[in-house]
Structures are given as structure tokens and as C-alpha cells.
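Asks: Quick one: the structure is below, and I'll ask about it shortly.
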Amino acid sequence: MTEAPKLNSFRNGPDERGHFGQFGGRFVAETLMPLILSLEQAYKEARVDPAFHKEMGGHLVHYVGRPSPLYFAERLTEHLGGAKIYLKREELNHTGSHKVNNVLGQIMLARRMGKPRIIAETGAGQHGVATATLCARFGLKCVVYMGAVDVERQQANVFRMKMLGAEVIPVQSGSKTLKDAMNEALRDWVTNVHDTFYCIGTVAGPHPYPAMVRDFQSIIGRETREQMMAAEGRLPDSLIACIGGGSNAMGLFHPFLDDAGVEIFGVEAAGHGLSGLHAASIAGGRPGVLHGNRTYLLMDADGQIEEAHSISAGLDYPGIGPEHSWLHDVGRVTYLSATDEEALEAFQLLSRLEGIIPALEPAHAIARVIELAPKLPRDHLMVVNLSGRGDKDVPQVSEIFESRGR
Ligand SMILES: Cc1ncc(COP(=O)(O)O)c(C=O)c1O
């Protein structure tokens, strides 16, 4: 038997059919196949088209507000007494999170493909807001599917989407969260392939979405490399980011995957704890197929998808992007988790020490920083991806703190 050739890079994936090892792929309805293939072709062409990059670069600077700063969190570093902590400030982007980087790329592709109607699914509402924003900017029709539970807990973002001219459709099926919103969006897409572009919000879905979204988000890691070289004259020692589907994390990680000296951590949502309700697909799941790709999923003994839970609507997904599943299996990235309670503590600590109110999603990453940093030497350089700001979470968190008399 001939041995499979060894990969010489962690950055080469996926293969032609969209596989990262045993993960990824393209499990879709026959009706979608022609559209997926034409999307793949459009993306292949755009990737090597200087005009596409020039136009996108202009929007990233003048509309999104890039580059986002790499900020030395001096007081957090002092407080924890170990590693030197830098925050990659994706929360300063227009619309308040990293989601806009990817949406811009996909909307530009939709325009190239002549698709006037955009659909999206959203959990916390950040991806929905980013999509509604860019549809307004380019005069496209926008429909956003959102679980009814998320509509309830992220009302500010629902108002924002409506103000931007989008139609928000509350999804009443299943657990009424992100997974169900994605099911509904896929159903819409099958019915309306002729004029509709599905703008997926994370590194999941059928090939080419996981690779395409990763590429659009990789600007986070590329800027971080340059900014860290400028600030410290060397690469960081570690990177850490929260994981819903995994797009902010993949965007930060990907440009560093071949730098053996850079340790990389992804943080899943452990909800009430890994033995209770949670959303940690790698820590508590196993490989299966959902939303067009094979990946780690939360499933019961019969293979039915289980409900995920996280205090943070953006992490409340029973799966993870297929490239993360592969990076876990090959051991390049270490996947940790943080509970709802730990995220709340981190939310408060960052707010009080740095004057930065983080979204509940990256608060999960900060929670693990609180544990890891004190054990590391003072010359250890750690970058945390601050994927979004906490404005959207303030009503939810203040209710929790008030009920506890804090
Ligand atoms: C601020 C923020 N961070 C992180 C996430 C999680 O998504 P991903 O893992 O794709 O970055 C979300 C999702 O809504 C979000 O709004």
C-alpha cells in the first residue's frame, strides 16, 4: 500500500472537492448544485482578478474602517501578571463585528453574478446587520432568517436590520435558533436559485463557502502579522479566538498556521458546562453531516442533531466549520471551552479594566485568557480576537446582573 503524501502546509486546503481531510465536502440538494458550481467559478475568477481586490480594498478602508487596530491591553496585562495581551479590535469595524469583512466579499460576488436578491441567516444578528448594511449600500433586496428565540434576545439588531430595509423572518421551527435559521435559508435558496445569492455568515456550509469565508476573513490575521511585527519586531507566541462556526477564529489563525512557533487556541461555548447544555461541538460532538458539510456536530445516540446552548446567540450552533474539525484532528489548533458564567466574568473584567465592552462571543476567548495568561512569562505575546462589541448584549447582561444584585 502506498502511503498518502504528507501535507507540506496547513494552508493548502481544501482539495478540489472541498475536503479538509475527512471533513467538509458538498452535501446539497440536486437543484442547488448548478448554483454552487457557478458560485465556485465566480469566486475562482474573482480571487485572481486585480480589479476585484482593488475595489474590495477600497471598500474595506473607506466603508469598513480597516485596518482595525492591534491594541496593547496594558491594564488587563498588568492585572493578570503574565503574557503581554494584545486585542485585535474587530469590534471597531463598521456594524460592530468581524462579520462585515466576509459580507462585503460575498456581496461583491453576488453583484458580479448578477443576483439582485440576498438571503442570510443570523444568530446574534451581527451577520444579519452586516448583510442588511451592504445590501442597503449596493441597493440589493435583503431577507434575513433568524430563530424566534434570537429575535427575542437580540432585539436591537432586529431593529437595525429593519431600519436598513431588510425583511427579518423569525423562524419558529426546532430550537428557534441559528441552526433552524440556516435550515430555512437553505430552503429559500432551493426555491429561488434563479435570482438569489445566499450570503453565509461563517466558515460552514457546502464547498466553497468554508474556504471562501475564511479567505475573506483572513485579512484579520494578515493585518495582525504586520501590526505585531511593527509593534514587537516578531510574530506573536499565541493566538486565541472564540468559535461559533469559526469564521473570526479562522480569519485570525489561517495566515499563521504554518508558523510552528505560534500556538493557537479556539474557544467553544461550554454553556452550562460540558455535562449540561452547551454548544461545544469539538469537545462534546462527533463527525456527521449538517448544512452541506461533514464536521463535528452535537448529536444524540441516533445521530439526531442536539440542541446547542450558549448565553451568546452567536456561539449557539451545534456544529463548527469543517476546517476547524480537521485542525483539531491533526493537532494544529487546541480547542478549549468557556462556560456562560466564565464569559460573564470576562465581559465585566474587560469592561472595567480597559473601557471596552466586548460582545459575549469574544468574552469566551477572554475567559480562557484570564486562565492562560498568568501562567505565561511576561515576554509571551498573546493576541485575542475581539470579534465584536457588546452593545447588542448590554440589555441581556444588565438583566442578569440586576437579578443578581450586582
Ligand atoms: C461578535 C461575534 N463574534 C463571534 C461570532 C461567532 O461567529 P464565528 O465563529 O463565525 O466568528 C459571532 C456570531 O454571530 C459574533 O456576532
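Asks: For ARG11, put the label point 7 Å out on the Cα→Cβ axis and report which residues of the stretch 24-48 keep their amide N under 18 Å from it.
Replies: So the set is 47-48.
Asks: Counting pairs of Cα atoms in the stretch 242-386, how many percent are more than 24 Å apart?
Replies: So the portion of pairs separated by more than 24 Å is 29 percent.
Asks: Using a 1.4 Å probe on the protein heavy atoms, what percent of the accessible area of the chain belongs to carbon and sulfur?
Replies: Solvent-exposed carbon and sulfur of the chain make up 53 percent of the total.
Asks: Which whole number of Å³ per residue matches the convex hull of the alpha-carbon atoms in the stretch 181-322?
Replies: Taking only Cα atoms, the stretch 181-322 has a hull volume of 126 Å³ per residue.
Asks: Is it possible to state the helix-based mean residue ellipticity at 222 nm for the chain, with each DSSP H run of 4+ residues giving -39500 (n - 2.57), the sum divided by total residues, to the nearest 500 deg cm²/dmol? What is it?
Replies: -12500 deg cm²/dmol
Asks: Continuing with the same structure: Which value, in Å², gives the accessible area per residue of the stretch 263-320 when a 1.4 Å probe is used on the protein heavy atoms?
Replies: Per-residue value: 35 Å².
Asks: Here's another thing I want to ask about it. Above 13 angstrom, tally the Cα pairs of the stretch 1-70 and express them as a % of all pairs, no decimals.
Replies: 78
Asks: Above 19 angstrom, tally the Cα pairs of the stretch 354-406 and express them as a % of all pairs, no decimals.
Replies: Here the long-distance tail beyond 19 Å is 41 percent of all Cα pairs in the stretch 354-406.
Asks: Suppose R0 equals 56 Å. What FRET efficiency, 1/(1 + (r/R0)^6) with r the Cβ-Cβ distance, do VAL61 and ALA301 give to the nearest 0.05?
Replies: Working from the Cβ atoms, E equals 0.65.
Asks: Same structure, new question: Based on alpha-carbon atoms only, what is the radius of gyration of the stretch 13-132 relative to the globular estimate 2.2 N^0.38 Å?
Replies: Output field value: 1.36.
Asks: Give the accessible surface of the stretch 15-95 per residue, rounded to a whole number of Å², with probe radius 1.4 Å and ligands, DNA and RNA excluded.
Replies: Averaged over the residues of the stretch 15-95, the accessible area is 51 Å².
Asks: Given points 7 Å out from each Cα along the Cα-Cβ axis, report the LEU277 to PHE72 separation in nanometres with one decimal.
Replies: It is 4.4 nm.
Asks: In the chain, how does Rg compare with the Kirkwood Rh, expressed as the Rg/Rh ratio over alpha carbon atoms?
Replies: 0.94
Asks: Kindly work out what percent of the DSSP beta bridges joining two residues of the stretch 231-309 are antiparallel, to the nearest 5.
Replies: 55
Asks: Once you treat every alpha carbon in the stretch 259-339 as an equal point and sum by Debye, what is log10 I(q)/I(0) at q = 0.20, 0.27 Å⁻¹?
Replies: At q = 0.20, 0.27 Å⁻¹ the computed log10 ratios are -0.84, -1.32.
Asks: If you roll a 1.4 Å probe over the heavy atoms of the protein chains, what accessible area per residue do you get for the stretch 113-200, in Å²?
Replies: Per-residue accessible area for the stretch 113-200 comes out at 36 Å².
Asks: Counting Lys and Arg as +1 and Asp and Glu as -1, each charge on the Cβ, what is the dipole of the chain about the Cα centre in debye, to the nearest 20?
Replies: Rounded to the nearest 20 debye, it is 1000 debye.
Asks: Using only C-alpha atoms and all pairs of different ones, pull out the Kirkwood radius for the stretch 314-392 in Å with one decimal.
Replies: 13.9
Asks: Here's a follow-up. Stokes-Einstein D for the stretch 139-190 at 37 °C, 0.692 mPa s, Kirkwood Rh over Cα pairs, in µm²/s?
Replies: Here the translational diffusion coefficient equals 296 µm²/s.
The values are calculated or read from the model by the stated rules, or taken from the named source; none is laboratory data. All values derive from a computational prediction rather than experimental measurement. For neighbour counting, all protein chains shown are included, and Cβ atoms are generated from backbone atoms with ideal geometry for every residue, glycine included. Accessible surface areas use protein heavy atoms only, side chains included; no ligands, DNA or RNA. Shrake-Rupley method; radii C 1.70, N 1.55, O 1.52, S 1.80 Å.
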